[in-house]
Amino acid sequence: MNPFIRIGIVDDHPLLREGVANTLRKRTDLQVVEQGASAGDARDIALRIKPDVMLMDVNMPGDVFGAVRFIATQLPDVKVLMLTVSESEDDAYSALEAGARGYVLKGVSGPDLVQAIRSIARGETFITPEFANKLLSNFKKHEAQVRKIDLTHREEQIIREVSKGLTNKEVASKLLISEKTVKYYMTCVMQKLHARNRVEAVTALRRYWEHEAVGRLHIGEVNTHFDAGGGS
């Protein structure tokens, strides 16, 4: 068993990247094995080196979330930890939905970053506490708002198929109902969502599904982690 936690660092700011590397090198159980500057580099490092933890910025050249998803699905032993200045909820949800196991804001102290890396390496989830509180608070508000939308089973079934890009005719064929029935239910869905068209309806529900998924997958783990870490 390797005594070190092997780490890849991918960030398009060389000075910051090297500063993080120098901080981590001071810990005897951490080993920086490779560095990169783009989403493509992240995929390459994950494939070639297979580090235990990959630190990745949100904003850098290439499809970052695509790279996170590739690593999470194709190389599950490589745990991704986002290290970024972005406090965008969309960025955080997109990263977590893609498979990142943590989200830490730049400016984090050295000891806290090390704690995050060790937690991720153990298979836990870590989000900067203050930012996690913001996400959880907004998630609960959003959840309360969406609860007001009372879709029937058939309505939700149809809008889920539509969200995959299927036409009314394709949905009808898949669900073995008439195209006229699909149109009827889509009209009901749009009225309940106050959406002007199917694109707005799908966008509204996709955001809810993302929040719901992140809540199920991460909220319990995050709360457990903070409780275990002590503090009020």
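General observations
- Per-pair calculated FRET efficiency, R0 = 45 Å: residue 156 and residue 29 via Cβ, rounded to 0.05: 0.40
- Taking other Cβ atoms within 10 Å as a rough exposure proxy, 184, 93 sort from fewest to most as 184, 93.
- Among 169-175, 115-121, 102-108, the order from most to least packed when residues are scored by Cβ within 10 Å on average: 115-121, 102-108, 169-175
- Taking a straight line from the alpha carbon of residue 164, these aspartates and glutamates sit under 16 Å away, with near neighbours fewer than eight places off in the same chain left out: 155, 156, 200, 210.
- Each of the peptides 191-204, 31-44, 151-164 was scored by the mean count of other Cβ atoms within 10 Å over its residues; in descending order, highest first, they stand as 31-44, 151-164, 191-204.
Coordinate-derived values only; no laboratory data. Since this is a predicted model, take the numbers as computed values, not measurements. Note: ideal-geometry Cβ built from the backbone for every residue, glycine included; neighbour counts use all protein chains shown.
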